[in-house]
Amino acid sequence: MSNDQFRTCPESGLQFHKPAETLMRAHAVVAVVILLIGGIAALLVTLTRWPAVHLLPADRFYQLLTTHGVNMLIFWIISFEIAILYFCSSTLLRCRLATPKVAWLGFALMLIGIIVNNAAVANGDASVMMTSYVPMPANPNFYLGLILFAVGALIGCFVFLGTLVIAKDEKTYEGSIPLVTFGALTACIIAVFTIASGAIVLIPTWLWSLGYINHIDAAMYRIVWWALGHSSQQINVAAHVAVWYAIAAIVFGARPLSEKVSRVAFFLYIAFLQLASAHHLLVDPGLSAEWKIFNTSYAMYLAVLASMVHGLTVPGSIEVAQRAKGLTNGLFEWLRKAPWGNPIFSGMFISLIGFGFIGGISGVVMGTEQINIIIHNTIYVPGHFHATVVIGTTLAFMSLTYFLIPVLFRKQVAFAGLAKWQPYLFGIGMSVFTLAMMGAGTLGVERRHWDMAFTNSALGFDYPASAYTLMGIMGISGVVAILGGAIFILVTVVSVFFGKAVESESGYGIATTRLSRADPIVVPDGGHEAAGKWGLAAPGTFLLAIFFLVIFVLYYAVNWKYLASVWPMS
Ligand code: HEM
Ligand SMILES: [Cu+2]
């Protein structure tokens, strides 16, 4: 292994293997281009669901909804995740990447898959939406594109695993792998399961669309498809939680409160979240109530527990790090004096709060078999998952990007002033958007529906005026969030392709000081000192957690009460 294969970043101290670095850049750039395509589709879809605008005709609406769902949830997120896997293995372990040539093959397959799938949807005969439920047929290339992409991603997973093996063999780290890498490993293991499920469901469906198989059972399709569809959300959660820990370390030099607890929490994802796939099948006939209730009401809570542990330990570790720096006044000085003008931090923190309060609480409510029925298949559902995959995952990845622009791409962040506002526009816009959707869904507004007014339909239905108001608020806040997304793309593209190079003394172009605290992501836990009130190391975080639990319990109870009122038993 020759040393000119490596470069050490002077500010962060991170060591990049050059072939790995080029691959990370390629994956990240493709991811951002996809985000742009998905974002344009988001705008058109949002403007159609906003009743006062109702922009597109029906066929275009479903076509663009397909473009939006597939590009965002599958292509954007997974492309970025492969970059994260390479970063967490090769970079954090200071190790060469296993078989860069094979990794490029994976990249090529992913890119070809993206093009083949998008071309099929653009062709107009594959508007089957992301879930592509049979017997709704799509152009065979729709499935083929997804399969090629998945094979490419699987190769990426194996390159990651191979790199871990090399790091262990060549002893590039001591003890166990760092927590952030452990989180990435969690994501990778779940990804392998997810992609296998995807192969089991999509290969036969592709053959069916080509006419080689004449029947696919619709119920069976849904069960296997959701082993793919739900698990892929777990990859996202594991990956964005790993990003939260990384950012806490990067910005604050924070160390996890307890490495062991955090690792166990990651392990709970592997063990239990697959079972929660059942929450997508809660009204499907042919599945027993016992099976549904066990998988959603029992096993799922163990995965929720894991997320709550991370949601507590990440801000807790930040609080401890801030208190150690002397920000010890009252319960919240550590948070008030956090670098709110630094988009790496603000984006990550909004991601954490939005994911927990909006995505998490609504997820538990929806995952409960009995109260699910109030909002099943309404626009509440996309309300919930935009809080998880957009505020949670996408915003966390955006925050990390602000760190990667200088460190990985060696460019200063362009339009630093705009970048500072970006997480707020995107995060707050999305929060209002998701809450409005959840409100409209509670009033019964359908998801994936071109015309909520049912104009000229045989069986009409009148919504209260408030449902239209909420859909209008959804439209406006959606446009605000899209503006935030557009700024992100502008900042990244201009920085990466036209930006000023980072010279050692020039700084990163972002409002805060130089970020040079990468050590804690690499070095496992060194313990921490307690410095808070009430004998607690992180009393402010403790109070936040109590607040979270109170909201959680209240909202849960309100839903049961509501169920009782819409479904009188006497
Ligand atoms: C500012 C950003 C975004 C806006 C305004 C937006 C808006 C929307 C709207 C209006 C719908 C249609 C809901 C319906 O009629 O049922 C939708 C669906 C969807 N969105 Fe987004 N979205 C955004 C970003 C994202 C991102 C980043 C992701 C994933 C990472 C995502 C994933 C999805 C998915 C999976 C669907 C469902 C597609 C389907 O029903 O097949 N969205 N979005
Ligand atoms: Cu799910």
Original post:
How much FRET efficiency would the formula 1/(1 + (r/R0)^6) give for Thr172 and Asp284, where r is the Cβ-Cβ distance and R0 is 60 Å, rounded to 0.05?
Top reply: 0.80
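Pull out the extension gain between Phe158 and Ile203, defined as 0.36 nm times the separation in residues minus the alpha carbon to alpha carbon distance; nm, one decimal. Can you show the working numbers first?
Values: separation 45, 0.36 × 45 = 16.20 nm, distance 2.08 nm.
Here the answer is 14.1 nm.
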Subject >> Positive-end residue, region 374-511 charge dipole about Cα centroid, Cβ charges, pick of Met471, Thr401, Ala440 >> reply: Thr401
Subject >> Sequence of Thr455, Thr186 from largest to smallest accessible area, 1.4 Å probe >> reply: Thr455, Thr186
**OP:** Might you work out the accessible area of Val566 for me, using a 1.4 Å probe with all protein chains in place, and round it to the nearest 10 Å²?
**Re:** 80
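Magnitude of the Cβ-charge dipole of the chain, K/R +1 and D/E -1, about the Cα centre, nearest 20 debye?
That gives the chain a dipole magnitude of about 920 debye.
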Original post:
Nearest 10 degrees, 0 to 90: what angle lies between the long axis of helix 58-69 and the longest principal axis of the chain (Cα atoms)?
Top reply: 30
**OP:** Would you calculate a helix-derived [θ] at 222 nm for the chain, using -39,500 (n - 2.57) for each DSSP H run of n ≥ 4 and dividing by the full residue count, to the nearest 500?
**Re:** -21500 deg cm²/dmol
Original post:
How much accessible area does Leu435 have with a 1.4 Å probe, in Å² rounded to the nearest 10?
Top reply: 100
Original post:
By how many degrees, between 0 and 90 and to the nearest 10, does the Cα long axis of helix 343-354 differ from the longest principal axis of the chain?
Top reply: 40
**OP:** Keeping all protein chains in position, work out how much accessible area Thr328 exposes to a 1.4 Å probe, and write it in Å² to the nearest 10.
**Re:** 60
Subject >> Segment Glu11-Asn214, length gained on full extension (0.36 nm per residue, minus Cα span) >> reply: 67.1 nm
**OP:** Determine the share of the chain's accessible area contributed by carbon and sulfur atoms, expressed in whole percent, with a 1.4 angstrom probe.
**Re:** 70
Original post:
What spacing in nm lies between the two simple spin-label points modelled at Leu418 and Ala58, each 7 Å away from Cα in the Cβ direction?
Top reply: 3.9
**OP:** Counting only heavy atoms of the protein chains, get the accessible area per residue of region 232-376 (1.4 Å probe) and round it to a whole Å² value.
**Re:** 32
Original post:
With axes computed from alpha carbons, what is the tilt in degrees of helix 18-49 against the longest principal axis of the chain, rounded to the nearest 10 within 0 to 90?
Top reply: 30
**OP:** Among the aspartates and glutamates, select those whose C-alpha is under 13 Å from the C-alpha of Lys18, and discard any that sit fewer than 8 residues away in the same chain.
**Re:** Asp4
**OP:** Sort Met130, Met474 by accessible area with a 1.4 Å probe, largest first.
**Re:** Met130, Met474
Subject >> Peptides ranked, highest mean first, by Cβ atoms within 10 Å: ranges 148-158, 335-345 >> reply: 148-158, 335-345
**OP:** Work out the length of the dipole vector of region 77-182 about its Cα centre, built from +1 on the beta-carbon of each Lys and Arg and -1 on the beta-carbon of each Asp and Glu, and round it to the nearest 20 debye.
**Re:** 240
Subject >> Estimated inter-spin distance, Ile373 and Asp125, nm [label 7 Å along Cα→Cβ] >> reply: 4.2
**OP:** Report, ordered by chain and residue number, the lysines lying within cross-link reach of Lys500, taken as a straight Cα distance under 16 Å and ignoring same-chain residues fewer than 8 apart.
**Re:** Lys411
**OP:** Assuming R0 = 25 Å, can you tell me the calculated FRET efficiency for the pair Arg448 and Ala557, based on Cβ-Cβ distance, to the nearest 0.05?
**Re:** 0.25
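The values are calculated or read from the model by the stated rules, or taken from the named source; none is laboratory data. Remember, it's a predicted structure, so these values are computed and weren't measured experimentally. FYI the Cβ positions are ideal-geometry reconstructions off the backbone, even for glycines, and counts take in every protein chain you see. These area figures cover heavy atoms from the full protein model, side chains too; ligands, DNA and RNA do not enter into them. Shrake-Rupley method; radii C 1.70, N 1.55, O 1.52, S 1.80 Å.
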